[in-house]
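These notes are about the structure you will find just below.
The values are calculated or read from the model by the stated rules, or taken from the named source; none is laboratory data. Not measured: the values here are computed from a predicted model. Neighbour counts run over all protein chains shown; Cβ positions are idealised from the backbone, glycine included.
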Amino acid sequence: MNVPNLDEVLWQAWKAMELPEGYHAEIIEGAIEVSPTGRFAHSEVVNRLRDALAIYLKDSEYGARNDTNVIHQRKAWIPDGLVAPRDAELIEDEDGLGIKASAVSVVIEVVSPGKTNQDRDRIRKRRAYACAGIPLYVLIDDYDGQGAVTLFTGPRPDKADWEDIHRVPYGTDVTIPEGPAKGFVIGEAITGPKRG
């Protein structure tokens with residue numbers, strides 16, 4: 001008897017899901033997680049970031065995207081933002097359901113309120129993106145002290161972790177250190193002012 005493995009079962013269930021408007025599903029660390037789309041404040045940060053990245057990348061072969069499935073070995077994530085080549089042939093996954101993780105150079109999450117959401121972005125997605133070998137993970141976190149931006153670089157897929165972690169509080173500019181978005185600055189124009 002041929003029994004499918006858990007990844008395949010989750011993949012098939014995820015593909016068959018029909019969620020109400022305003023919800024999305026991701027496959028993270030052996031589970032399907034369903035969550036609502038972000039609140040207004042969350043979308044404001046995401047939109048400012050995507051718009052600024054789009055302008056920054058306008059003359060390159062790369063583009064800024066959001067609300068797009070990122071697929072890696074029967075896992076699926078929907079980051080708040082990402083940078084990938086514009087050429088669909090280079091990035092589309094084999095099932096046409098999203099972008100191959102191997103094509104993504106930067107992935108960005110804006111943390112939502114609540115422990116479950118914070119743990120998803122700070123812990124589970126941090127490990128998942130490292131396992132996928134995505135070169136840079138940017139975490140914008142209103143709930144880290146008075147707000148912080150953390151850059152994770154040098155993914156270690158074998159360890160589900162990162163070589164370098166650089167955290168700066170809101171109010172301090174942080175510059176993307178590598179890849180097609182190298183030199184792009186994340187500061188108050190995107191995050192808003194320091195909290196508190």
Members of region 144-178 that are of a type in the set (Ser, Thr, Tyr) and either more than 16 Å from the chain's Cα centre (by Cα) or not in a strand (DSSP E or B) (or both): Tyr170, Thr172, Thr175
field: Considering residues of region 109-143 that are touching a residue at least 60 places away in the same chain (Cβ under 8 Å) and part of a strand (DSSP E or B) only, the residue surrounded by the most Cβ atoms within 10 Å (Cβ to Cβ)
entry: Ile140
- request: Keeping to region 90-117, report how many residues are modelled with pLDDT under 95 and of a type in the set (S, T, N, Q).
  value: 3
- request: Mind listing whichever residues of region 70-83 are surrounded by fewer than 18 Cβ atoms within 10 Å (Cβ to Cβ) and either over 10 Å from Ile27 (Cα atoms) or without any contact (Cβ under 8 Å) to a residue 24 or more places away in the chain (or both)?
  value: Gln73
field: Subset of region 148-196 [touching a residue at least 40 places away in the same chain (Cβ under 8 Å), β-branched (Val, Ile, Thr) and either exposed (fewer than 14 other Cβ atoms within 10 Å of the Cβ) or over 16 Å from Val104 (Cα atoms) (or both)]
entry: Val149, Ile186, Ile190, Thr191
query: So which of Ile27, Ile32 is touching a Lys or Arg at 6+ places or on another chain (Cβ under 7 Å), in contact (Cβ under 8 Å) with a residue 12 or more places away in the chain and in a strand (DSSP E or B)?
result: Ile27
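Here is a yes/no grid of residues against (1) at pLDDT 95 or above; (2) more than 24 Å from Ile123 (Cα to Cα); (3) outside any helix (DSSP H, G or I):
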| residue | (1), (2), (3) |
| --- | --- |
| Pro4 | no, yes, yes |
| Trp14 | yes, no, no |
| Glu21 | no, yes, yes |
| Gly38 | no, no, yes |
| Asp51 | yes, yes, no |
